[in-house]
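K.L.:
A single structure is presented below for examination.
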Amino acid sequence: QVQVVESGGGLVQAGGSLRLSCAASGRIFIIGTMGWYRQAPGKQREPVATITRGGITNYADSVKGRFTISRDNAKNTVYLQMNSLKPEDTDVYYCALTTLGTDYWGKGTLVTVSS
């Protein structure tokens, strides 16, 4: 089994910053793409940012220039640095990764941005 645990969510004022972390543990061989997704109540989960094992990144248009995804392959960890946060960034943020052809998801961490 693979466990995926997010941390770093919380309440922040608009314009502030948060850093999310996601650590994978368990029966891991090699982790491929890792990513962050978010979902608001009643809406579909949407991708925020992804990063390949080699470091190629991709961002949603709404977060380009504000969010930065990075990873530490030695620690099986992915990060999301979120700057210039806006109230519309309020969501539950989920971490996902792929290993041995299977996708694994964390339980999510809540980010709330107050205006």
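K.L.:
Taking every DSSP beta bridge that has both residues in the chain, what percent is antiparallel when rounded to the nearest 5? Walk me through the intermediate numbers first.
P.N.:
Working: 40 of 44 bridges.
Once the DSSP bridges in the chain are tallied, antiparallel ones form about 90 percent.
K.L.:
Any idea what % of Cα-Cα pairs in the stretch 33-115 are farther than 20 Å?
P.N.:
Details: 1012 of 3403 pairs.
Beyond 20 Å sits 30 percent of the P(r) for the stretch 33-115.
K.L.:
Report the residue, chosen from GLY35, GLY26, GLY16, that carries the largest GNM mean-square fluctuation when the chain is represented by alpha-carbon nodes joined by springs under 10 Å.
P.N.:
GLY26
K.L.:
Express the carbon and sulfur contribution to the solvent-accessible surface of the chain as a percent, rounded to the nearest whole number, probe 1.4 angstrom.
P.N.:
Working: 3100 of 6280 Å².
Exposed carbon and sulfur together represent 49 percent of the surface.
K.L.:
Hey, another quick one. Protein chains only, probe 1.4 Å: how do ARG45, ARG27 rank by accessible area, largest first?
P.N.:
Numbers: ARG45 95, ARG27 190 Å².
Output order, biggest surface exposure first: ARG27, ARG45.
K.L.:
Provide the net charge surrounding TYR93, with neighbours chosen by a C-beta distance below 15 Å and charges set as Lys +1, Arg +1, Asp -1, Glu -1.
P.N.:
+2
K.L.:
Continuing with the same structure: Order these peptides, 92-105, 61-74, by their mean beta-carbon neighbour count within 10 angstrom, highest first.
P.N.:
On the way: 92-105: 16.9, 61-74: 14.4.
Those peptides, ordered most packed to least, come out 92-105, 61-74.
K.L.:
Additional query: What is the Cα centroid distance between the stretch 79-115 and the stretch 4-66, reported in whole angstrom?
P.N.:
Here the answer is 4 Å between Cα centres.
K.L.:
Tell me the label-point distance for the pair LEU11, LYS43, using the 7 Å Cα-to-Cβ offset, in nm and rounded to one decimal.
P.N.:
Using points 7 Å along Cα→Cβ, the separation is 2.1 nm.
K.L.:
Another one. Roughly how big is the chain's charge dipole about its Cα centre, with Cβ charges of +1 (Lys, Arg) and -1 (Asp, Glu), in debye to the nearest 20?
P.N.:
Details: 12 positive and 8 negative charges, 35 e Å.
About 160 debye.
The values are calculated or read from the model by the stated rules, or taken from the named source; none is laboratory data. Keep in mind the model is a prediction, meaning the values are calculated, not measured. Note: ideal-geometry Cβ built from the backbone for every residue, glycine included; neighbour counts use all protein chains shown. Please note that ligands, DNA and RNA were not included when accessible areas were found on the heavy atoms of the full protein model with its side chains. Shrake-Rupley method; radii C 1.70, N 1.55, O 1.52, S 1.80 Å.
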